[in-house]
Amino acid sequence: MTLKALTKACSSLRLTVVLLAFAMALVLFSTLEQVHLGIHEVQSRYFAQWITWMPLPHLGNPDGWLHSIKLPLLGGYTLGVGLLINLLAAFPRVFKWRLKKLGIALIHGGIITLIISGFISALLQEEGQLWIPLNGEGHYSESTYDNELVLIDESAENFDTVYALAEARLKTGATITDNSLPLHFHIKAFYPNAAIGRIADNPDAPESLADQGAALKMGLTAFPQPLTYKEAERNAATAYIQIMSKEGEDLGTWLVSNIIDERFPRQRFSHEGRTYSLALRFKRAYLPITLKLTAFTHTTYPGTDIPKSFMSTLELIEPTGAARRVDIRMNEPLRTHGFTFYQASFAPGETATMLQVVRNPGWIGPYAGVGLVALGLFIHFGLSLGRFLGSRK
């Protein structure tokens, strides 16, 4: 196939219609699935994929035979790349440096900008939550979905050295022996979701594999649970981790979970004169600034407990030590150092605030794309109207 023929095929209007038809099908079926899986899981399964298998709607019976049938569909990545190639191939044909084609060219350019910015956001955007107690400080956000296993070297007086492992590496039976780690880990068991309970209160409780730490002291064990996809619930990732020295010495097995958080004492141990702690926690993203909550106020609609507006008054502390006051309100976020801080929620009694922290390098793309499309439509229809009025004269 010649380059000319390939370009013609890629810029075909038929290809555009086919891709848009697949996009409509993907949006339709994923919207139906969103009721049961939630937005995050639907995005992960169907839009952040090249090829996906979409189950037919179960029509109120999730265990019915209809729901077991799955259709192959193009995922969001494939549709995005396909439409981008289609638009780029068509762009030279549309844009002929003529005034009457200017509007169409701007519309094409705006849609291309939107697709590219969508890929940038999907690949690079980071999002988390930052809880700050009243008169307390916060300098990192936590993911609400991703977890990490951390080994913390607390031996230094003024700082901790943190070794973090992604949750994807925690597989039952796996042994992690990275040269960058001071110790080795053997994953005796990993549960994507589990409850933690006392063995004494549960006659049928599964055996605990831990011989060190909080599980041994408090008589705790893990109860595996099915994954939950509800927006208001979080999966409690839990694992039994055996720690070994690089020489193979067994340093004990620990029960760790993201629900054994900072409200509990750290699970510490010593080895070769150094003090370590072990935890499985929500993945953290450290900020270049520190925020201190000095005041929080909120109002409700008359006669109800429904929040009408709420605002956090904070002290923003720069790495240099310089500080300034900032206010974050509903629909009035703080943008600084490449991060956007939204007022998202608060604790009962106004004792803490919760900020949604977003870092999106491609945030300007959607604004630019929509602006180009709007300008292109205005020019195109303006020129068409001018030609129509001119022909009537």
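Things to note:
A quick yes/no check of all residues on (1) among the β-branched types (Val, Ile, Thr); (2) under 19 Å from the mean Cα position of the chain (by Cα):
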site: Lys4; (1), (2): no, no
site: Lys8; (1), (2): no, no
site: Leu15; (1), (2): no, no
site: Ala25; (1), (2): no, no
site: His36; (1), (2): no, yes
site: Ser44; (1), (2): no, yes
site: Thr52; (1), (2): yes, no
site: Pro55; (1), (2): no, no
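- Residue match in the range 152-162 (condition: assigned to a helix (DSSP H, G or I), touching a residue at least 12 places away in the same chain (Cβ under 8 Å) and not aromatic (Phe, Trp, Tyr)): no
- Within the range 1-40, considering residues that are hydrophobic (A, V, I, L, M, F, W, C) and in contact with a Pro (Cβ under 8 Å, 6 or more places away or on another chain), the one farthest from Leu88 (Cα to Cα): Leu32
- Of all residue pairs spaced 6 or more apart or on separate chains, those with beta-carbon atoms under 6 Å, a first member in the range 381-393 that is assigned by TED's automatic domain parsing to the domain that holds Leu102 and closer than 14 Å to Leu99 by Cβ and a second member that is in a helix (DSSP H, G or I) and of a type outside the set (Asp, Glu) are Leu383/Lys100.
- Thr172 in contact with a His (Cβ under 9 Å, 6 or more places away or on another chain) and either within 30 Å of Glu33 (Cα to Cα) or outside any strand (DSSP E or B) (or both): no
- On inspection, Gly303 does not qualify as of a type outside the set (A, V, I, L, M), surrounded by fewer than 16 Cβ atoms within 10 Å (Cβ to Cβ) and either in a strand (DSSP E or B) or modelled with pLDDT of 90 or more (or both).
- Restricted to strands (runs of 3 or more DSSP E) entirely inside the range 213-299, those with at least 1 residues that are at positive phi and out of contact with any His (no Cβ under 8 Å at 6 or more places or on another chain) are 250-257.
- From the options His108, His67, residue that is within 24 Å of Lys4 (Cα to Cα), at pLDDT below 95 and not small (Gly, Ala, Ser): His108
- Any hit, the range 74-93, residues being modelled with pLDDT of 85 or more and exposed (fewer than 11 other Cβ atoms within 10 Å of the Cβ): no
The values are calculated or read from the model by the stated rules, or taken from the named source; none is laboratory data. Only a predicted model underlies this, so the values are computations on that prediction, with no experimental measurement involved. Positions of Cβ are backbone-derived with ideal geometry, glycine not excepted, and every protein chain shown enters the neighbour counts.
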